[in-house]
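**Q** Have a look at this one before I ask anything.
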Amino acid sequence: MLCALAAIPVLIAVAVRVSSAVPPGRGPAFLDRITQNGLFVGVTAMLVSVPLFLPLTVGVVAGDTVAGEAGMGTLRYLLVAPAGRIRLLLVKYAGAAVFVVVAPLVVALVGAGIGAALFPVGPVTLLSGDRIGAGEAMGRLLLIAGYLTVSLLGLSAIGLFISTLTDVPVGAMAATVVLSVVSQVLDSLPQLQWLHPWLFSHYWLDFGDLLRQPVAWDSFASNALLQGGYLAVFGALAYGRFITKDVLS
Amino acid sequence: MARKWLRWLPAVTVPAVIAGGVLAGSLPASAVDPLPAKTPEQVLQLIAQHREAALSGTLEQSSELGLPELPQAGPGAGSSETAWLELLTGPHTARVYLDGTDKRVQVMDRFAERNAIRHGNELWFYNSKDNTAAHVQLPAGAADRHAATEGTVPTPEELAGKLLAKLDPGTDVSVGPDIEVAGRTAYQLLLTPQSAATLLASVAVYVDGQSGLPLGVELKSRGQSDPAFRTVFTSLKLEAPDASVFAFTPPPGAAVKEIPAPTHQAEGATPPSGKESKDARRSTVTGSGWEAVVELPAGTGESMSGAAALLQQAAVPVPGGRLLSTALVNVLILDDGRVFAGSVPLERLQAAAVPR
């Protein structure tokens, strides 16, 4: 799955390289900047993968955590070991969290690498029109990857909870991915404006605030708070469900 | 069995705690230390004497004018002619930096930003969406620091200045209950037009209790519960921002347009008044105060920019012409080309159009 994610920046970079110049204002944001600066491949790739690819892979990993073991019939053997259910749940979530850290990082680093290979790298123009050096730009890129990690922690907690509900891993994966899509659809309906700040996908695309000068931290803070809330609620739900569950398989 | 239910306890308490926290946070914070009571005149004086030369803060602006929302993406979006119109539809967030005559306004769009920077006598505009910049060399001595905001959002201070300049005996001025804005306690100056023949129901200006700086402006129109226009600081620091904020050189690759310095004319904070002042030499005003109707002679319609052309699409046909109706301003475009605009109902515009 990490390979599939890594393919996104490679595809973008190669497509821009072999095609003619992209006029500004067309296609995803930053696409036209790639030819001037390879580091933007990473930003563009993250932008492209946020709505679907990243939630998809996170949904697969998080949905598989408990339901995967149950589906294979190995869950009860795991519980025979004197480790306790809480610890198993924590370890399972930690595994999903590690993936959530690595996935955006792979997209960012592969993007920066392939961008550096195919395009010139130099000072980066931020959204505010100011310029920062390539080293600082690399820092911003990692910051965005961190932002996406935080963004996806809530979704992985939801996936963990759904995963404790069922013995069919595919069902848990699909339900998690569908939830992330539903959340984004609801987020785009202006009639439901009162609901928007409560949707876990609401701040997903606000990582552009990290590309301003000075950095606007507001969205990062509200995003972290929101994801922390989702983590607490669905973590508690998963705990309640998993502790009381009759494990038959 | 009881123990099993006990284990669901966290799943119940965590959402309950979060809900409780949200409720507690959303309750209107009772004024921690209430401001000393002041008469409206004293609050006006407080505004007039404030000397806050430096600040940095975040502005939130929302409008419910009844205009159709312009698409933020797609063909035609973000062109310079329609940019100010887009600023009047939907919500916007902007960061404002002020230091003496230096000024920077950053309108933060998703993955884009519009900048207006005044540094010394240089004026820069930068739009990251199409990577274009515009440069104006102001004549030396152009001291008005509020001249640099065209194409971005107005600050509460500018807006309050414009509105308070309109104060006349036909307006009731009162001081409402204290309000908390951006973590500061503020006076609420309420302006209510006495006349029933204006679309404007009331204006609220939030005035910082300590410094007298206007922190927010809210315009309410008749028959609409949501404010028609509202701009307030959500965070504010009354200290000089870093000097590097005002230093701007256009990034390489950006298309830079050199604009000759404007002859002295008031730049409108809100487009309607901007249009009025631009054509002030040729327009006539009937009525006074909040019910004033501005008449633009025939021919102004021909010089319509892209924005005005867009506005015309939103206009509905009425007897004798077309009406562009918003919550705060009505614009009547007659078939013979004359244009009547004012913050009044359609009937008054038509009445103003008849005698000539």
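What follows draws every value from the coordinates through simple rules; no lab data is involved. Predicted, not measured: the structure shown is a model, and the values here were computed from it. Reconstructed Cβ throughout: ideal geometry from the backbone, glycine too, with neighbour counts over all protein chains shown.
**Q** Of A:Q213, A:Q227, A:Q191, which has the largest mean-square fluctuation in a 10 Å C-alpha GNM of chain A?
**A** A:Q191
**Q** Right, another one. Compute the orientation-averaged projected area for chain A from the convex hull of its Cα atoms and round it to one decimal in nm².
**A** 14.5 nm²
**Q** Long-range amide H contacts for B:T171: which residues qualify at under 5 Å (H placed 1.01 Å from N, peptide plane, sequence gap of 5 or more or a different chain)?
**A** Sorted by chain and number, the residues that satisfy this are B:Q194.
**Q** Could you go through region B:231-248 in sequence order and give the Karplus-derived ³J(HN,Hα) for each residue, using 6.51 cos²θ - 1.76 cosθ + 1.60 with θ = phi - 60°, rounded to whole Hz, and x for Gly and Pro?
**A** 9, 9, 6, 9, 8, 7, 10, 8, 9, 5, x, 4, 4, 5, 4, 8, 7, 9
**Q** Shifting gears a bit: If I take the Cα coordinates of region B:40-259 and project them onto the principal axes, what are the three extents in Å, biggest first?
**A** Principal extents (Cα only, largest first): 53, 38, 32 Å.
**Q** Run the helix sum for the protein assembly as shown: -39,500 (n - 2.57) per DSSP H stretch of 4+ residues, divided by residue count, reported at 222 nm to the nearest 500 deg cm²/dmol.
**A** Values: 16 runs with 242 residues, N = 605.
Taken over the protein assembly as shown, the calculation gives -13000 deg cm²/dmol.
**Q** Per residue of B:106-114, what is the mean number of Cβ atoms on other protein chains within 10 angstrom of that residue's Cβ?
**A** Working: counts 7, 0, 9, 3, 5, 12, 5, 10, 3.
For this peptide, the per-residue mean of nearby foreign Cβ atoms is 6.
**Q** Within a 10 angstrom radius of each residue's Cβ in A:218-231, how many Cβ atoms of other chains show up on average? Whole number is fine.
**A** Per residue, the number of nearby Cβ atoms from other chains is 1 on average.
**Q** Summarise the partner chain shielding of A:122-135 as one whole number: the mean count of Cβ atoms from other chains within 10 Å of each residue's Cβ.
**A** Rounded to a whole number, the mean comes out at 5.
**Q** Which pairs, out of B:K129/B:K237; A:K92/A:K245; B:K166/B:K220, put more than 20 Å between their alpha-carbon atoms?
**A** In this structure, B:K129/B:K237 lie more than 20 Å apart at Cα.
**Q** Taking only Cα atoms and a 10 Å spring cutoff, compute GNM fluctuations for chain A and point out the largest among A:A108, A:A232, A:A157.
**A** Residue with maximal mean-square fluctuation among A:A108, A:A232, A:A157: A:A232.
**Q** Rounded to the nearest 0.05, what FRET efficiency do B:K166 and A:L11 have when you use their Cβ-Cβ distance and R0 = 41 Å? If you can, show how the numbers build up before the last one.
**A** Values: r = 58 Å, r/R0 = 1.41.
Efficiency at R0 = 41 Å is approximately 0.10.
**Q** So what J values fall out for region A:108-122 if you push phi through Karplus, 6.51 cos²θ - 1.76 cosθ + 1.60 with θ = phi - 60°, rounded to Hz, Gly and Pro as x?
**A** The phi angles translate into 5, 6, 4, x, 5, x, 5, x, 5, 6, 9, 10, x, 10, x Hz.
**Q** Sticking with this one: Rounded to the nearest 0.05, what FRET efficiency do B:A315 and A:A81 give with R0 = 56 Å and r taken as the Cβ-Cβ distance? Could you check? Kindly include the intermediate steps, with their values, before the conclusion.
**A** Details: r = 74 Å, r/R0 = 1.33.
Here the calculated transfer efficiency is 0.15.
**Q** Measuring from the lowest to the highest alpha carbon on each principal axis, how far does the protein assembly as shown reach, largest first, in angstroms?
**A** 92, 62, 51
**Q** Can you figure out the FRET efficiency of A:D246 with A:W217, using R₀ = 45 Å and their beta-carbon distance, to the nearest 0.05?
**A** Between A:D246 and A:W217 the formula returns 0.45.
**Q** Multiply the residue gap between B:A197 and B:T13 by 0.36 nm, knock off their C-alpha separation, and tell me the result in nm, one decimal place.
**A** Length gained between B:A197 and B:T13: 60.8 nm.
**Q** Related question: Quick one: net charge around A:G146, please, counting Lys, Arg +1 and Asp, Glu -1 for every other residue with C-beta under 14 Å from its C-beta.
**A** Overall, the nearby charge balance is -1.
**Q** Sort out for me the Cα centre separation of region B:148-204 from region A:105-146, rounded to whole Å.
**A** 45 Å
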